[in-house]
Amino acid sequence: MENTQQEINETVKSNNVVLFMKGTKAAPQCGFSNKVSGILNYMGVDFKDINVLGDESIREGIKIYSDWPTVPQLYVNGEFVGGCDIITEMTLSGELDTLLEDQKIPYDKEAADKIRATNS
Amino acid sequence: MAMQAKEIEKLIKETFPKAKVTITDLAGDGNHYAAEVTDESFRGKNRVQQQRAVYASLKGKMDGSNGELHALALTTKIPN
């Protein structure tokens, strides 16, 4: 269990954007994971996807690591940003753009605006 | 194992007695709910901190693959 926590910590610290999800970004296996990975893909954010269904110790370990009971979970530069509800809210409010800009993560602003225009 | 909306509300209210809590059964299957919780104690906390507090009030009902609640769409708000 300690090893799992270390492994998660290394993953989170060594990648700018990490999404712990059910399935992969190419083939999400849960509606909530699909939604968040879809947002990131559409916005052209380069992120590392960790499929928690592929490793039971990560699946349980990430909940402990983040003190957060559900998946997906998004990390940007080592900081936990939130799950599906928070990411959705932040995308629509523009807070996600601000966060990505502050953290120097490249993304497609036009695509983000298009998401907002379609969902307002 | 499904859970009733009023059980969820009761658990949240135990931690947030003055909160306004609205539970919606999204799929009608007793397993996918949306909860909106409005409480003064959220003031000064970010969304992650607010939602962590609500999850904590559910006392492990969402834990693991045997969790009674598969999905709870959470919205936390501060009263106007």
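Values in this text are rule-based calculations from the coordinates and carry no lab data. Since we're looking at a predicted model, the values are computed, not measured. Cβ: placed from backbone, ideal geometry, glycine included. Neighbour counts: every protein chain shown.
Report, in order of residue number, the helices in chain A meeting two criteria: a C-alpha extent of 15 Å or more along the helix axis, and a mean Kyte-Doolittle hydropathy of at least 0.0; treat each whole DSSP H run as one helix.
A:31-42
Could you work out the equivalent-ellipsoid semi-axes for the protein assembly as shown, taking the square root of 5 times each eigenvalue of the Cα gyration tensor, largest first, in whole Å?
26, 21, 16
Starting from the 7 Å offset along Cα-to-Cβ, what nm value, one decimal, do you get for the label separation of A:Glu10 and B:Thr22?
Here the modelled spin labels are 4.7 nm apart.
What percent antiparallel are the DSSP beta bridges of the protein assembly as shown, to the nearest 5?
55
In Å and from the alpha-carbon atoms only, list the Rg and Dmax of chain A.
13.8, 45
Grab the Cα-Cα distance for A:Ala117 and A:Asn3, subtract it from 0.36 nm times how many residues apart they are, and report the gain in nm with one decimal.
Using 0.36 nm per residue and subtracting the Cα-Cα distance, I get 36.6 nm.
In debye, nearest 20: dipole of region B:5-77 around its Cα centre with unit charges on the Cβ of K, R (+) and D, E (-)?
400
Please state, to two decimals, what the Cα-based radius of gyration of region A:1-63 comes to when divided by 2.2 N^0.38 Å (N = residues).
1.10
Cross-link list A:Lys35/B:Lys6; A:Lys25/A:Lys114; A:Lys63/B:Lys6: which exceed 24 angstrom alpha carbon to alpha carbon?
A:Lys35/B:Lys6; A:Lys63/B:Lys6
Among the DSSP beta bridges whose two residues both lie in region A:2-118, what percent are antiparallel, rounded to the nearest 5?
Just about 65 percent of them are antiparallel.
Using amide H atoms built in the peptide plane, which far-off residues or other-chain residues are under 5 Å from B:Lys77 H to H?
For B:Lys77, the qualifying residues are B:Val37, B:Thr38, B:Asp39.
Quick check for me: using +1 on Lys/Arg Cβ and -1 on Asp/Glu Cβ, what's the dipole size of region A:2-118 about its Cα centre, in debye to the nearest 20?
320
Between A:Ile39, A:Met90, A:Ala26, whose Cα lies farthest towards the positive end of the dipole of the protein assembly as shown when Lys and Arg beta carbons carry +1 and Asp and Glu beta carbons carry -1, centred on the Cα centre?
So the residue furthest toward the plus end is A:Met90.
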